[in-house]
Structures are given as structure tokens and as C-alpha cells.
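Enquirer: Dropping a structure here in C-alpha cells format, bear with me for questions.
The values are calculated or read from the model by the stated rules, or taken from the named source; none is laboratory data. For clarity, every value in this text was computed on a predicted model and none was experimentally measured. Glycine gets a Cβ as well: all are built from the backbone with ideal geometry, and neighbour counts include every protein chain shown. Side chains included, ligands, DNA and RNA excluded: accessible areas come from the protein's heavy atoms. Shrake-Rupley method; radii C 1.70, N 1.55, O 1.52, S 1.80 Å.
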Amino acid sequence: MHRTRVTCVFMATSLLFGLQGCKNDHRVEKMSSEDKIALTFDGIPELDDDEKSRQHATRKDILSRIDKTKQSESNMDSALRDARAVLSESRLRQLKLHQNDWLKRGRGADINHLVRQGVPAADAFAVATQMRADFIQQRTSRAMLIDMPGTFGGFYTSGEDRTLELYEMPAQTLNLVMRAHGEPWVYTAHCQADTSEAQCTASGQIPIAVTLKKTDNLTLEIQTSSITGLSPDMLRLASLVEGQFHRLSPKDAPDVFIP
């Protein structure tokens, strides 16, 4: 790389980090990202247009990564606050134990795994933190479904390949979320229930209607309501959506925060 270009990039990086660390200059703290990108300094040689463009691009990239990191950390803090507001003391102890372990060891392992998968090292911290925030949020919902099920509501499994989340809403309505291990899709539906059966209309990208039938207090049978005219790919998905699901109790899932 040309020496001038190296100097330009170094100046953009070092000056920007200097701005981020300047806690006493309230004018800098109040600057928008656009102002920081365009900022110039006295005593620094004037740059030509190409050098200015490279410096601005470098500053923009650094600020974008800083913003993503801050947002992912904020999302994880929010997920933890939500968990503390709704979980039992025993569940909170489980979450705290695993969160401390993730901060000490798991985060580094996740970052290394992402880098091996091709995620740029500079982005891996934010990606790993956002993944952790999503994990905490999902497992908090799972804990609530297991510990406080309803007539239909709860967390169900079909062996080890599929999970079913059923959220009970007002007026005997249900929100259904099904995930399949190793599959890229998530099946979602809205349902209207009576005492032993619910009719569900797909709410996501998989247009398959299903019927839920309670065979006993802990078991649900899912059947597709109509598959006429579906494409071969949709017929395959319909076969994956169908089946028998068992509702987990606290004794079946003593620690939902195990990765």
C-alpha cells in the first residue's frame, strides 16, 4: 500500500478512536456520525479527494461497527432485564450461572467459531453478542411456557427433531411457533381453540393450515387441514409440520438455559 494511503487510514482510525474516547469534549459527544465522518483537524496536511474518500469510508466503517456492538450489547442487556422480570428465582439462578460462563468462556468460543465460518473478526463480537441476546430471549420464553402452561399452551417436542411453542392469547386464541432441527424455516400460525381442538391459519411464509387435537393433557396431534395444490416443496414441509408432540413439564426440562 502507498505510504500516503497507509498514513491516511491510520489517521482516520486513530483520530476516530480518539474521538470516541474523548469524554470531556461535549461538542464531540454530541456530533452525529455524519459530522464525525466529515470532521477535519487543524495542523494536518490537506488530503486530496481520493484520500478524503478513503478516510471517510474508513471512519464510516469503524463507526458502523461501534454502533452494531453497542446495539447488540443493549439488546443483550434488555433480554436479561426482561428475564429478571418474569422468571422464577430458580430459573434466574440457572440463567445467571450460564451467563457468567458465557462471559468467561462461551463468548470467546462463539467469536472464534464465527471467524472460522468467515465472519470478519472485527464484526464477530457484535454478531456473537446479538446471538446471545436472541438465545436468552428464546429460552426465557421456553421457561415460561414450561413452568406456566395453559390448556393448550406450553412447550412441546417431537423427539429431538422439532419443537413447538404454543402461546395462549385472549379469547381462546393461540400463537404457534414450530422449529425443526437442521431446517432453515420456522412455521408460525394463529389458532382459534375450543376445549380439545384448534384450527390454525398460517401467519408466515409457509401457507399450510393445520388442526391441533389434544389426545390427552400432555399430547397434541397436528394434522394438515388442506394440502391440495401445494408444490412438491410445500408437500415436504407439510409432512414435517404434521405429527405428535409431547408437552414438557419442569421435571422434563430442569435447565432450559443449557446451550
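Enquirer: I need the phi-derived Karplus couplings for the stretch 87-103: 6.51 cos²θ - 1.76 cosθ + 1.60, θ = phi - 60°, integer Hz, Gly and Pro marked x.
Expert: Whole-Hz 3J(HN,Hα) from phi for the stretch 87-103: 7, 6, 4, 5, 5, 5, 5, 4, 4, 4, 4, 6, 5, 4, 5, 5, 5.
Enquirer: Using only protein heavy atoms and a 1.4 Å probe, report how much of V115 is accessible, in Å² to the nearest 10.
Expert: 60
Enquirer: Determine the shape class of the stretch 94-148: with a ≥ b ≥ c the square roots of the Cα gyration tensor eigenvalues, call it rounded for a/c under 1.5, and otherwise prolate if a/b is greater than b/c, oblate otherwise.
Expert: On the way: a/c = 3.45, a/b = 2.04, b/c = 1.69.
Verdict is prolate for the stretch 94-148.
Enquirer: Work out how much length R105 to R65 would gain on full extension: take 0.36 nm times their residue separation and subtract the Cα-Cα distance, in nm to one decimal. Numbers along the way, then the final one.
Expert: Details: separation 40, 0.36 × 40 = 14.40 nm, distance 2.27 nm.
Extending this stretch completely gives an extra 12.1 nm.
Enquirer: Give a residue-ordered list of calculated ³J(HN,Hα) values for the stretch 114-128 (Karplus: 6.51 cos²θ - 1.76 cosθ + 1.60, θ = phi - 60°; whole Hz; x for Gly, Pro).
Expert: After applying 6.51 cos²θ - 1.76 cosθ + 1.60, I find 5, 5, 5, 7, x, 6, x, 4, 5, 9, 5, 4, 5, 5, 5 Hz.
Enquirer: What shape does the stretch 180-259 take by its C-alpha gyration tensor, where a ≥ b ≥ c are the square roots of the eigenvalues and a/c under 1.5 counts as rounded, a/b above b/c as prolate, and the rest as oblate?
Expert: Values: a/c = 2.26, a/b = 1.34, b/c = 1.68.
Oblate is the answer for the stretch 180-259, as a/c is 1.5 or above yet b/c matches or exceeds a/b.
Enquirer: May I ask for log10 I(q)/I(0) of the stretch 77-174 at q = 0.12, 0.14 Å⁻¹, from a Debye sum over the Cα atoms as equal point scatterers with solvent left out?
Expert: Scattering profile of the stretch 77-174, log10 relative to I(0): -0.51, -0.67.
Enquirer: Going by a ≥ b ≥ c, the root eigenvalues of the Cα gyration tensor, does the stretch 140-232 fall in the rounded group (a/c under 1.5), the prolate group (a/b larger than b/c) or the oblate group?
Expert: Numbers: a/c = 1.66, a/b = 1.24, b/c = 1.34.
Here the stretch 140-232 falls in the oblate category.
Enquirer: Still on this structure, please answer the following. Each label point is 7 Å from the Cα along the Cα-to-Cβ direction; what then is the distance between the points at D255 and T215, in nm?
Expert: Reported label-point gap for D255 and T215 is 3.2 nm.
Enquirer: Compute the length gained on full extension between S88 and T195: take 0.36 nm times their separation in residues and subtract their Cα-Cα distance, giving the result in nm to one decimal.
Expert: Values: separation 107, 0.36 × 107 = 38.52 nm, distance 2.86 nm.
This chain segment gains 35.7 nm when fully extended.
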